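A quick write-up on the structure given underneath.
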Amino acid sequence: MVSAKELKTYAKITWCPGCGNFGIYTALRRGLAELNLEPESVVLVSGIGCHAKMVDYVNTNSFYVIHGRVLPVASAIKLANHELTVIGHAGDGDAYGIGIGHLSHACRRNIDIVYIVHNNMVYGLTTGQTAPTSQQGYVSKTSPFGELALPINPIAQGLASDASMVARGFAGDPKHLTELIKECIRHKGFALLDVLQPCVTFNRINTYRFYRERVYKLEDENHDYTDKMKAFQKAYEWGDRIPIGVFYKVERPTYHEGLPQISKVPLSRQRIEDVDISDLIRSFT
Ligand code: SF4
């Protein structure tokens, strides 16, 4: 068994002091340790942004991909070896900007992975530009007169794309977030976990205080997470009260379970030496 402490690497952490990424980092390591997952059975995949340093700081297998492409790579890893626990990390720009097309397809296919989106509502790594989840009116160097567009609603996106699990956590409550991460890992199917992650350097609106005054837990109000219409209603609750917890969760067959080629043995453990592909090669000549 590996402890949360042992899941730290020797890499020097370069996030700004107080960054919400620390809460996610703590919750992730605790969750992996409490589920007794061996580091070699876990793969973290990250995109580009402040969140992406996670793969340097957690002592598991990891894959650093190009901007917006976390889900194609994480999906491929899962299909190559479905015995692995695959966790994708993306920023809100990564996941809901350049990578948003991949989200719908991973949801509808029900790829059995966890997708943790570090949602700080700003492009932090590139010094604070307006992001797809920035609130309307948000002022930055790319929207000096205030953002005109409505923000992406990640929870509604996940629900509309038929994700089998959709949840939201808060980086300022690592204990609750640990439980959510564990529930997402245990879930059989695609789990979207959007995390409210304060960027203390560039986002002066969506701060720890902003969230602490507003967040409440869905489980405290007996939310029925099997009811999709109720989940949609909760997805649009944003103002004086902001819900966190599991919005929606149902069981349905995962993508790899529908592939007869890998139903018994993962692709990565299949012998390929004896497979005759000469007919296939000939078909291209
Ligand atoms: Fe965190 Fe923002 Fe600093 Fe990036 S810029 S490390 S998101 S506080």
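How big is the stretch 70-186 on each of its three principal axes, counting only the C-alpha atoms and giving the largest first in Å?
49, 31, 26
What are the equivalent ellipsoid semi-axes of the stretch 210-285, built from the alpha-carbon gyration tensor (square roots of five times its eigenvalues), in whole angstrom, biggest first?
49, 14, 13
Between the helical axis of 174-186 and the dominant principal axis of the chain, each derived from Cα atoms, what acute angle in degrees is found, rounded to the nearest 10?
Taking the Cα atoms of the chain, the angle to 174-186 is about 30 degrees.
What are the ³J(HN,Hα) values, in whole Hz, obtained from phi via the Karplus relation 6.51 cos²θ - 1.76 cosθ + 1.60 with θ = phi - 60°, for each residue of the stretch 237-246 in sequence order, with x given for Gly and Pro?
Running phi through 6.51 cos²θ - 1.76 cosθ + 1.60 with θ = phi - 60° gives 8, 8, x, 5, 10, 10, x, 10, x, 8 Hz.
Please identify every one of the trypsin sites (Lys or Arg not before Pro) in the stretch 142-198 that sits in a loop by DSSP and has no more than 16 other beta carbons within 10 Å of its own beta carbon.
Here the trypsin sites (Lys or Arg not before Pro) that fit, given the DSSP loop and packing criteria, are Lys188.
Along the stretch 219-233, what does the Karplus equation 6.51 cos²θ - 1.76 cosθ + 1.60 (θ = phi - 60°) give for ³J(HN,Hα), rounded to whole Hz, x for Gly and Pro?
5, 6, 10, 6, 5, 8, 6, 8, 9, 5, 5, 5, 5, 4, 4
When DSSP assigns beta bridges and you keep just the ones with both residues in the stretch 5-255, what percent turn out antiparallel, to the nearest 5?
20 percent
Given 10 °C and 1.306 mPa s, how large is the Stokes-Einstein diffusion coefficient of the stretch 143-285 in µm²/s, with Rh as the Kirkwood radius over Cα pairs? Mind showing how you got there, number by number?
Numbers: Rh = 18.3 Å.
Stokes-Einstein gives a translational diffusion coefficient of 87 µm²/s.
How much length is gained if the chain between Glu251 and Ile272 is pulled fully straight, taking 0.36 nm per residue apart and subtracting their Cα-Cα distance, in nm to one decimal? Mind showing how you got there, number by number?
Details: separation 21, 0.36 × 21 = 7.56 nm, distance 3.31 nm.
Computed gain between Glu251 and Ile272 is 4.2 nm.
Subtract the Cα-Cα distance of Thr9 and Ala156 from 0.36 nm times their separation in residues, and report this length gain in nm to one decimal. Write out the running numbers ahead of the final one.
Values: separation 147, 0.36 × 147 = 52.92 nm, distance 3.55 nm.
Length gained between Thr9 and Ala156: 49.4 nm.
Can you tally the net charge around Thr133? Count Lys and Arg as +1, Asp and Glu as -1, for every other residue whose Cβ sits under 15 Å from the Cβ of Thr133.
Residues close to Thr133 contribute a combined charge of -3.
For Phe170, what residues show an amide H to amide H distance below 5 Å, using hydrogens built from the backbone and excluding near sequence neighbours?
Leu177, Leu196
If you average over every viewing direction, what projected area does the convex hull of the Cα atoms of the chain give, in nm²?
Result: 17.5 nm².
Holding the Cα-Cα limit at 27 Å, pick out from Lys141/Lys175; Lys53/Lys264; Lys53/Lys141; Lys188/Lys217 the pairs that are longer than that. Write down the numbers at each step before the final one.
On the way: Lys141/Lys175 35 Å; Lys53/Lys264 35 Å; Lys53/Lys141 25 Å; Lys188/Lys217 23 Å.
From Lys141/Lys175; Lys53/Lys264; Lys53/Lys141; Lys188/Lys217, over 27 Å: Lys141/Lys175; Lys53/Lys264.
Tell me, what is the FRET efficiency for Glu40 and Phe210 to the nearest 0.05, using R0 = 30 angstrom and their Cβ-Cβ distance as r? Present the calculation step by step, with values, prior to reporting the outcome.
Values: r = 39 Å, r/R0 = 1.32.
After rounding, the FRET efficiency stands at 0.15.
Any read-out appearing in this document is the output of simple, stated calculations on the displayed coordinates, not a laboratory observation. Not measured: the values here are computed from a predicted model. Neighbour counts are summed over all protein chains in view; Cβ atoms, including those assigned to glycine, are modelled from backbone coordinates with ideal geometry.
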